[in-house]
Amino acid sequence: MSDRQSVEQILQLSQAGLRLLDGALQLTRFEEPAAVIYKGQAVSGAFLVLSGRLRVYTYTPQGTEATLYFIAPGETCVLALNCLFNDLRYPAWVESVAGTEVAMIPGALYRRLFECERGVQDMTVKALSGLVFRLMDELEQLHVCSLDQRLAGFLLGNASIGGEVAMTQQALAGHLGTSREVIGRLMQRFSAQGLVSTRRGVITLRDASALSRLAMPNPD
């Protein structure tokens, strides 16, 4: 399937919508991790992830990165859409993982498609509702769970079928809003307890059940 066909399948456009999209789609592939959007940047269009993943993040008062959410294949960035519809600048930072491909639909065209295309309307509403639940979950974990619980929950939620999380300790620290040294100490403890094993850039879950119990918030 071509990149254009992937976009058409995700958006479920009518023939009229396809004609509008023809020639306007901009495709970018990031072979290596790269900065995609910076805070304060004017957003020129809607971003649709075709492969790989984008990470939207901010900085804590201590200067460490803290992930807001990830954008997976088939998803769009709600913050970028909000900027398009409300004439705002982007309020965070975005970076890609290696092998990420992104389709950009110019802002004026996306707004026009949103007015008349059910598929674009559905995707926009789904993205908005999904983001609300993600952020609510992150806020709950931030206020209710300890850092080791949040780390256990993140590993469980991002592991492959084979039980692997392809992420460095620095990337984990960026997601959880802490330092690599803190994550390193937690990972050493998890390894000593037989919960995980680690190698460069990869964490393998060894006892998912125990991690699941650890990730549960403590009852009041």
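A few remarks follow.
- Using alpha-carbon coordinates, inclination of helix 107-116 to the longest axis of the chain, degrees: 80 degrees
- Gain in span if fully extended, Gln9 to Thr198, counting 0.36 nm per residue against the direct Cα distance: 64.2 nm
- Note, ³J(HN,Hα) from phi for the stretch 184-193, Karplus 6.51, -1.76, 1.60, rounded to Hz, x at Gly and Pro: x, 5, 5, 5, 4, 5, 4, 5, 4, 7
- For the pair Met216 and Gln188, a Förster radius of 30 Å applied to the C-beta separation gives a FRET efficiency near 0.85, rounded to the nearest 0.05.
- Relative contact order computed over the chain (Cα-Cα under 8 Å; 6+ residues apart), in percent: 22 percent
- Other residues with beta-carbon under 15 Å from the beta-carbon of Glu95 carry, at +1 per Lys or Arg and -1 per Asp or Glu, a net charge of 0.
- For the stretch 8-117, the orientation-averaged shadow of the C-alpha convex hull comes to 6.9 nm² (one quarter of the hull surface).
- Stretchable slack from Ala35 to Glu181, in nm (0.36 nm times residue separation minus alpha-carbon distance): 50.2 nm
- Placing +1 on the Cβ of every Lys and Arg and -1 on the Cβ of every Asp and Glu, with nothing else charged, gives the chain a dipole about its Cα centre of roughly 280 debye.
- Using the Cβ of Gly194 as centre and a radius below 12 Å, the other residues enclosed give a net charge of +1, where K and R count +1 and D and E count -1.
- Nearest-ten-degree value, helix 118-144 long axis tilted from longest Cα axis of the chain: 20 degrees
- Rolling a 1.4 Å probe over the protein heavy atoms gives the chain an accessible area of 54 Å² per residue.
- Quotient of the Cα radius of gyration of the stretch 1-53 and 2.2 N^0.38 Å, N being its number of residues: 1.31.
- Backbone amide hydrogens, once placed in the peptide plane, bring Val202 within less than 5 Å of Met167, excluding anything fewer than 5 places away on its chain.
- Dipole axis of the chain (+1 Lys, Arg; -1 Asp, Glu on Cβ), positive-most option in Thr64, Cys145, Gln188: Gln188
- Rg/Rh for the chain (Cα atoms only, Rh after Kirkwood) is 1.01.
- Stretching the chain fully between Asp87 and Tyr59 yields a gain of 7.8 nm (0.36 nm per residue, less the alpha carbon separation).
- Modelled label positions at Asp207 and Lys126, each set 7 Å beyond Cα in the direction of Cβ, lie 3.9 nm from each other.
- Each residue, Leu156 and Arg19, gets one label point 7 Å from its Cα in the Cβ direction; the gap between the two is 5.3 nm.
The values are calculated or read from the model by the stated rules, or taken from the named source; none is laboratory data. Note that the structure is a prediction, hence the values are computed from the model and not measured. FYI the Cβ positions are ideal-geometry reconstructions off the backbone, even for glycines, and counts take in every protein chain you see. To get the accessible areas, we keep the full protein, side chains included, count just its heavy atoms, and leave off ligands, DNA and RNA. Shrake-Rupley method; radii C 1.70, N 1.55, O 1.52, S 1.80 Å.
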